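Structure record follows, encoded as structure tokens.
The values are calculated or read from the model by the stated rules, or taken from the named source; none is laboratory data. Bear in mind the structure is a predicted one, so any value in this text is a computation, not a measurement. When we count neighbours, we look across all protein chains shown, and the Cβ atoms used for this are built from the backbone with ideal geometry, even at glycine. Quick note on the areas: whole protein, heavy atoms, side chains included, nothing else; ligands and nucleic acids left out. Shrake-Rupley method; radii C 1.70, N 1.55, O 1.52, S 1.80 Å.
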Amino acid sequence: MNTRTLYGIPQRIKVGMIMFSFTSLEGRRVKLVPLELEHVRSLFEVAQEPEIWKQYPITIESHDQMQNFVMKALEGLDRKEQYPFAVYDKELNKFIGSTRYLRISEANNNLNIGSTWYNPIVWRTVVNTETKYLMLVYAFETLNVNRVEIITTTENYQSQKAIERLGAIKEGILRKKYHNLDYIIYSIINDEWKEVKKRLEGKLEDAWYVI
């Protein structure tokens, strides 16, 4: 299979003879575009609302900080640990945040979804639900993983509720895991995916009736 490169980095993740292949994902409202340095300006423009960073482990207040955020994500891609996206809202015709696959482990056939943030203009809309739906469908039905993990800090109640609405199961607390903060770990396993998918599709269908 051919390998397309972005920022000089292959879009395929390879461990041994096994290969996870990642690509852009698109739904009715959002398109997840492989993150590149060219997205720094667009993302910084929508990242200047202080409330975005109140419950996020880091704060981005300058163009340089956003550039550093993107560069670190691309370094994670280069190390074959992450696959980051810029999230494009087709209704608003602009980028509105970022998310990624991370802690990718082909050896254990699982990965995480996280490092997600959005401009408040799309909070409490279909954007996050559709984004997670697209990523979960790809993880379980194309990559055929057996487990997807999602974590959030113990203080981020909004994120906890959003994760629980996806149908993820709360497993426990990881004490002082990252940035000296406590995190709650959730997961969805392949045995649960059929039911979770049905639930998410129902939520998306209801959302489109409202929208």
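For the range 76-84, the condition of being closer than 23 Å to Gly167 by Cα, polar (S, T, N, Q) and not in a helix (DSSP H, G or I) holds for none of the residues.
Among the numbered conditions (1) under 25 Å from Asn146 (Cβ atoms); (2) at pLDDT 95 or above; (3) surrounded by 15 or more Cβ atoms within 10 Å (Cβ to Cβ), tell me where Lys80 comes up short. Tallying (1) under 25 Å from Asn146 (Cβ atoms); (2) at pLDDT 95 or above; (3) surrounded by 15 or more Cβ atoms within 10 Å (Cβ to Cβ), Lys80 fails exactly one: (2). The residues of the range 111-138 that are of a type in the set (Ser, Thr, Tyr) and touching a strand residue (DSSP E or B) at 6+ places or on another chain (Cβ under 7 Å), listed by number, are Ser115, Thr116, Tyr118, Thr131, Tyr138. Remark: Val127 falls outside the filter, which requires a residue to be within 17 Å of Leu166 (Cβ to Cβ), of a type in the set (A, V, I, L, M, F, W, C), surrounded by fewer than 19 Cβ atoms within 10 Å (Cβ to Cβ) and at pLDDT 95 or above. For the range 115-145, the tally of residues that are under 10 Å from the mean Cα position of the chain (by Cα) and of a type in the set (Lys, Arg) stands at 1.
When the range 130-159 is filtered for residues that are crowded, with 19+ Cβ neighbours inside 10 Å, at pLDDT 95 or above and among the polar types (S, T, N, Q), only Thr131 remains. Please count how many residues of the range 161-192 are open to solvent by less than 20 Å² (accessible area, probe 1.4 Å) and assigned to a helix (DSSP H, G or I). Qualifying residue count for the region: 2. Look at (1) modelled with pLDDT under 95; (2) touching a Pro at 6+ places or on another chain (Cβ under 8 Å) and you find that Ala73 fails only one, number (1).
Yes or no, residue by residue, for (1) at pLDDT 50 or above; (2) open to solvent by 70 Å² or more (accessible area, probe 1.4 Å); (3) assigned to a strand (DSSP E or B); (4) not β-branched (Val, Ile, Thr):
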{"residue": "Met1", "(1), (2), (3), (4)": "no, yes, no, yes"}
{"residue": "Lys14", "(1), (2), (3), (4)": "no, yes, yes, yes"}
{"residue": "Phe20", "(1), (2), (3), (4)": "yes, no, yes, yes"}
{"residue": "Thr23", "(1), (2), (3), (4)": "yes, no, no, no"}
{"residue": "Leu32", "(1), (2), (3), (4)": "yes, no, yes, yes"}
{"residue": "Val40", "(1), (2), (3), (4)": "yes, no, no, no"}
{"residue": "Phe44", "(1), (2), (3), (4)": "yes, no, no, yes"}
